[in-house]
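The values are calculated or read from the model by the stated rules, or taken from the named source; none is laboratory data. Just so you know, these numbers come straight off a predicted model, no measurement behind them. Using ideal geometry, Cβ is built from the backbone for each residue, glycine included, and neighbour counts are taken over all protein chains shown.
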Amino acid sequence: MMPDPPAASPCATLPGPAGPGAADPAWQPLHDQPTLPPGTLPFALLAHEHAARAQGLSAALGHPDPAGYAARLLRPDSQQQGPHLHGPHLDALTAPHPPAVARALREILGAPGTLAGPGSAPAAPRTLRTLARTPRLLWRATRPAALRADPPTDCPPADRLRDALNALARAAAHPAPLGAALATALLGQVTRAWLNDPGTLHLELLRGDGPAARAPVPDGPVTATPDHALNQLRTTLSGPRRAAALLILRVARRQHQALAEYHAALPTARRAALRAAVSAAATLRERGALSRTADARWLTPHELIAALDGTLPRADLHALIHARRAAAPTVHGAPARPAPSLSTAATTGTLNAAPLAPGVRDGRLRHWTPGTPVPPGAVLLLGSPPWPHQLAALGAAAALLAPLSTLHSPLGAQARRAGQVAVSLPEPHPDWLEDGALVRVNGHTGQLTLLRRAGLPDPIPAFDLNLEVPSATPATGAQDRPTVLSPHVRVLPRPTPFSIDLA
């Protein structure tokens, strides 16, 4: 057996961030990542989680990362411009895998899109090892993550923080997202090759079983519910193909159920790591090393552990906090969005997006800010991917428009389970995406259509109706319902009686 080709040596130094107004093509925005709070600690925890996920999934596929590409994927100064991925390192990490597996791995790591060219990363011709490990990976994806017992209360803060970081790394490296992505890709190949469906029939088969998901979609295709999609699969295919398609569908649904369990368990590990870091900062404040506990936001978890162990001097600790606080941006929040687009989408009123959850919905557009109520039936435009605890507040919306989101993100998975329509919008957005605009969201093709701009009057003409005149046929019976006035009806007041004296 021939040995594997040696891995390429990593880059000695990474290029710095692009200057103002310039975009570095080597760096790609990280998808499925909500807006981080200001500080060094949130980004350090994100980098730790992302590196553990990249290294664990690559090792589960049979290709470990001896060069350490996984630990250098995120840009270290991403607090100001949002987290970004280094494209050449990501290409080198995914190059040893087959194209389908590489695409799924890139999506889970937050960089969907086309693969790199053949000369951009070292090629590894032996891909049978990855394909042989795929069934075992799918089986492991359905197993719950092994959770260790909480450390005792008298455990030192440094050990408690180490245990929390290890638990976060184990939870992030669980193969449930990769298994769901591979199963979805396989089901999509079945619907395209055997059912001749180039759309989102495979996503309709994976929709939830609730009443909202099974409700008929107005102006939508006949396969707009899971029952109709499954009926099309059963009646179109026959023999071994139908049996194989039903087996693949059952595997895909089980993988997506495991994905939902993964999305529910990962925030617990994140909160535990954050609580351990805050507890370590409180211990340092009691020792006099920190002036206040909130200064922990400018330190990494490993720096907190070093300060607790006494290997990081107090003067260096204060110097790090002062330097990072001075370099932080004065205005925090979501990354700056590009200016409104003046391309074809701005003139034609149509915008092509990536479908996340199938369906067709019409509604008034609303820009959603976390913490504000959601109007029932509205089409929400999100400024960034939401945090998992914010998904429950979006249940009243008819459709969701989110930037930088992938098919197996918490937003996309929740929208499919709830029967909502969701698409991922490209940037920059056209100028007609304003509050009050009437839009149509097509989750089958990913097209967003402007039906009426915001502020324009209703094109349906109003007509006069005097409702104070008693009806000639009075309503009788319990089946009668009160009349609901349409917004297109103008009610006129009853004329004032008058008389003319001819004397």
>> Pairs needed: first member in the stretch 171-185, in the same structural domain as V251 (by TED's automatic domain parsing) and modelled with pLDDT under 95; second member anywhere, among the polar types (S, T, N, Q) and surrounded by fewer than 24 Cβ atoms within 10 Å (Cβ to Cβ); C-beta distance under 6 Å; at least 6 residues apart or different chains.
In response: none
> Among the listed residues P37, P96, which satisfies the condition of being surrounded by fewer than 21 Cβ atoms within 10 Å (Cβ to Cβ) and not hydroxyl-bearing (S, T, Y)?
Replying inline: P37
> If the Cβ limit is 7 Å and pairs must be 6+ apart or interchain, which residue in the stretch 407-424 that is among the small types (G, A, S) pairs with which residue that is in a strand (DSSP E or B) and surrounded by fewer than 24 Cβ atoms within 10 Å (Cβ to Cβ)?
Replying inline: S424/A354; S424/P403
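Could you identify the single residue in L249, L308 that is surrounded by 14 or more Cβ atoms within 10 Å (Cβ to Cβ), more than 34 Å from the chain's Cα centre (by Cα) and either in a helix (DSSP H, G or I) or of a type in the set (F, W, Y) (or both)? Don't jump to the end; show me each part of the working.
Details: L249 fails: more than 34 Å from the chain's Cα centre (by Cα).
The unique qualifying residue is L308.
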>> Going through L380, L404 one at a time, which residue ends up being of a type in the set (A, V, I, L, M) and closer than 30 Å to R254 by Cβ?
In response: L404
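So which residues in the stretch 168-189 are of a type in the set (A, V, I, L, M) and surrounded by fewer than 22 Cβ atoms within 10 Å (Cβ to Cβ), if there are any at all? Spell out how you get there, then give the answer.
Here is the first cut: in the stretch 168-189, the ones of a type in the set (A, V, I, L, M) are 168-169, 171-173, 176, 178, 180-183, 185-187.
If the condition is that a residue be of a type in the set (A, V, I, L, M) and surrounded by fewer than 22 Cβ atoms within 10 Å (Cβ to Cβ), then A169, A173, A185, L186 are the ones that fit.
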> Could we say that A258 is surrounded by 21 or more Cβ atoms within 10 Å (Cβ to Cβ), in a helix (DSSP H, G or I) and on the phi < 0 side of the Ramachandran plot here?
Replying inline: yes
> Residue check: is L74 at pLDDT below 90, under 22 Å from L274 (Cα atoms), buried (at least 21 other Cβ atoms within 10 Å of the Cβ) and touching a Phe, Trp or Tyr at 6+ places or on another chain (Cβ under 9 Å)?
Replying inline: yes
> What residue, of P410, P403, is touching a Leu at 6+ places or on another chain (Cβ under 7 Å) and surrounded by fewer than 22 Cβ atoms within 10 Å (Cβ to Cβ)?
Replying inline: P403
>> Condition first: hydrophobic (A, V, I, L, M, F, W, C), touching a strand residue (DSSP E or B) at 6+ places or on another chain (Cβ under 9 Å) and at pLDDT below 70. Now tell me which residues in the stretch 305-351 satisfy that.
In response: L342, A345, A346
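Condition check ((1) modelled with pLDDT of 90 or more; (2) in contact with a helix residue (DSSP H, G or I) (Cβ under 8 Å, 6 or more places away or on another chain)) across all residues:
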| position | (1), (2) |
| --- | --- |
| A8 | no, yes |
| D24 | no, no |
| P38 | no, yes |
| A44 | yes, yes |
| L61 | no, yes |
| L90 | yes, yes |
| P98 | no, yes |
> Given the structure, is T449 assigned to a strand (DSSP E or B) and among the polar types (S, T, N, Q)?
Replying inline: yes
